[in-house]
Amino acid sequence: MQQTSPRLPSAIQVVAVMAGFVAIMFLFLNVLDLPIQLALFSSWFLVIGLGVWLGRSYDDMQQGLIQGIHNGMVAVLVLITVGALIGAWIAGGVVPAIIYYGLAIMDPQIFLGAAFVICMLTSLATGTSFGTAGTAGIAMMGIGYSFGMPLPLVAGAVISGAYVGDKMSPLSDTTVMTASLCKVDLIDHIRSMMWVSAPATLLTALLFLGVGFFYADASLDTSRADQAMQALASHFVINGWLLLPAAAVIGMLAMRLPSIPVITAGAVMGVVCAWWAQDMPLLDAVRTAYFGNRTASDVEFLNTLLNRGGIESMLSVIALILFALGLGGLMERAGILEVISANFLRWANNPGRLTVSTLLGGFFGNFFGGAAYVSLITASTITERNYDLQGIERRVLSRNVEAGGTVTAPMVPWSDGGVFMAATLGVSTLQYLPFLWYHLLVIAISVFYGYADIAIWRTRPAAATPV
């Protein structure tokens with residue numbers, strides 16, 4: 001029976017639900033060896049049960065679930081189009097051409113640093129980490145594989161570079177969304193983030209460059225690159241004009257055209273390349289957009305890297321994201337986020353703790369909500385009032401929201417960022433996680449600034465800030 005005044009959960013009930021969620025994930029994944037999608041689906045009913053116990057109707061909880069899914073549907077649509085693009089670009093020779101020419105001109109010693117910079121520039125120009133990983137990223141993975149680099153390390157360089165632009169570019173939807181949620185001018189928001197991102201970007205580039213020299217000197221198998229080029233040339237027609245679809249997609253994204261039609265147009269160009277340049281029957285070329293590329297080869301390199309892509313390969317990923325988004329909507333409707341916000345208000349009584357609370361709020365949104373969009377909402381709504389109470393400017397809030405929300409998205413295996421990067425680059429989240437050096441540095445520098453009172457701008461003197 002629906003009650004007119006549903007109760008908020010207690011702190012003990014919130015902790016119990018979170019512990020139940022972790023227990024379900026551990027049981028399904030580590031004990032029963034069941035898909036993570038079933039674990040998230042089962043977790044729905046844990047939160048629904050709490051909501052009904054607190055006086056909410058099932059219909060009300062279901063509306064929260066639907067709203068949560070609705071908030072992240074853009075990422076799902078992008079995922080579909082990127083799947084089509086990867087399958088068509090591989091079959092059309094676009095990705096093989098990028099890898100081929102990359103191997104021809106790339107110095108193995110600087111490869112990791114170059115991969116980070118190339119993906120950083122691509123994401124800054126386009127504003128999308130997903131688009132960067134699906135284009136420049138998969139090419140860098142192929143080049144790194146050919147050089148004998150550990151793929152989790154290469155994925156770390158790719159994702160680190162891709163998220164510089166996702167976090168900093170004025171073309172990025174998360175950057176614009178964060179500024180809007182925090183009621184901060186977009187340029188002021190970007191300038192505030194520069195205090196953290198500039199040193200993090202420089203240190204990350206130096207780290208990847210240094211590690212690249214270590215691998216080139218110690219254990220690099222350069223003959224593998226020559227074998228890869230020969231294998232690519234024997235299975236694909238390689239021409240310089242095959243790079244045009246990649247240039248066209250990046251250019252259109254840089255012009256701030258809508259990402260879904262742009263990526264779809266890129267997939268169509270890949271189909272045309274497969275039919276025209278690779279002499280594939282037209283219907284077979286079209287099928288690669290859905291089923292992905294299938295190259296029959298005795299060469300391990302081709303089978304590992306190029307038999308992938310297509311919308312079909314993304315279906316289980318899409319299901320995972322939908323379950324995670326629904327869980328986030330349920331937790332918001334049950335009042336769990338509101339209770340966490342109230343507890344943060346009591347604890348975060350100085351800039352250091354306030355920074356940590358915002359980062360935790362963003363991570364919470366990714367961990368339980370499964371999407372960067374959800375994390376930006378949770379990080380801002382949970383902590384924004386405390387910034388105002390302490391007299392700290394909202395541009396500090398917006399900077400920390402990006403550090404806790406956007407940056408932590410690919411760190412959670414079932415979030416949209418984590419799932420997408422793992423599926424696109426072929427490396428699991430837990431494998432590439434230790435090499436997300438840009439992300440880890442952004443978090444560390446943000447916390448340091450908070451406790452050291454660096455770049456913490458105030459609307460009133462610090463002495464007047466309540467504690």
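The values are calculated or read from the model by the stated rules, or taken from the named source; none is laboratory data. Since we're looking at a predicted model, the values are computed, not measured. Methodologically, a virtual Cβ is constructed for each residue, glycine included, from the backbone with ideal geometry; neighbour enumeration extends over all protein chains shown. These area figures cover heavy atoms from the full protein model, side chains too; ligands, DNA and RNA do not enter into them. Shrake-Rupley method; radii C 1.70, N 1.55, O 1.52, S 1.80 Å.
Structural remarks
- Accessible surface, per residue, of the chain when the full set of protein chains is kept, probe 1.4 Å, Å²: 39 Å²
- Take the convex hull of the alpha carbons in region 114-218; its mean projected area over all directions comes to 6.3 nm².
- Net charge of neighbours whose Cβ lies under 9 Å from the Cβ of Ala409, counting Lys and Arg as +1 and Asp and Glu as -1: -2
- With Rh defined as the Kirkwood radius, the inverse of the mean 1/r over Cα pairs, the Rg/Rh of region 28-113 is 1.26.
- Whole-number percent relative contact order across region 1-103, with pairs defined as alpha carbons under 8 Å at least 6 apart: 27 percent
- Phi angles of region 192-204 translate, via the Karplus equation with coefficients 6.51, -1.76, 1.60 and θ = phi - 60°, into HN-Hα couplings of 5, 5, 4, 4, 9, 6, 4, x, 5, 5, 4, 5, 5 Hz per residue; Gly and Pro are given as x.
- Pairwise Cα distances in the chain exceed 34 Å in 36 percent of cases.
- Of the listed residues Asp107, Asp416, the order by accessible area with a 1.4 Å probe, largest first, is Asp107, Asp416.
- Formal net charge of residues neighbouring Arg333 (Cβ-Cβ distance under 9 Å; K, R +1; D, E -1): -1
- Expressed as a whole percent, the accessible surface of region 241-400 that belongs to carbon and sulfur atoms is 65, based on a 1.4 Å probe.
- Each of Lys183, Lys167 has its accessible area taken with a 1.4 Å probe; listed largest first, they run Lys183, Lys167.
- Considering only Ile382, Trp347, Ser357, the residue lying farthest towards the positive end of the dipole of region 344-414 is Trp347, judged by Cα position with unit charges set on Cβ.
- Label-point separation in nm, Ala16 to Met194, each point 7 Å along Cα→Cβ: 5.1 nm
- Distant-in-sequence amide H partners of Arg458 (H built 1.01 Å from N, under 5 Å): Glu393
- When you work out D = kT/(6 pi eta Rh) for region 319-467 at 10 °C and 1.306 mPa s, using the Kirkwood radius from C-alpha pairs as Rh and the Stokes-Einstein form, the result is 102 µm²/s.
- Put simply, the Cα atoms of region 2-52 extend 42, 21, 10 Å along their principal axes, the longest span coming first.
- Near Cys119, once Lys and Arg are set to +1 and Asp and Glu to -1 for all other residues with Cβ below 14 Å from its Cβ, the sum equals 0.
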